[in-house]
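Heads up, the thing below is written out as structure tokens.
The values are calculated or read from the model by the stated rules, or taken from the named source; none is laboratory data. Everything quoted here is computed from the prediction, not taken from an experiment. No Cβ is skipped: glycine too gets one built from the backbone with ideal geometry, and neighbour counts run over all protein chains shown.
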Amino acid sequence: MNARKKLNQANVNGALLLALVVGWLFQSLSAFVVAALFFAASALYAGDIRPRDNHGSTSHDLSPRPPPNHRRSRPRRD
């Protein structure tokens, strides 16, 4: 198991542990499920849980990137 999978597993376990506390405090299974989904989704959005290797970009990085052979144009000097 590589490091990324271990970190993902630790983050999911932490989300489940926090959800367990919330469910226990409210004495409700539905509160546990909602809290587990919330904590897991927030960790996924924050980039703490990386579902796949996408070569250095985070899962929430949606900014457009120029093609690899794109050259930036310089301002004209008259």
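Scanning the stretch 34-78 for residues that are more than 25 Å from R4 (Cα to Cα) and modelled with pLDDT of 95 or more returns a single hit, V34.
A count restricted to the stretch 1-32 and to residues that are part of a helix (DSSP H, G or I) and surrounded by 13 or more Cβ atoms within 10 Å (Cβ to Cβ) stands at 16.
For the stretch 33-51, how many residues are small (G, A, S) and loosely packed, with under 13 Cβ neighbours inside 10 Å?
Matching residues across the stretch 33-51 total 4.
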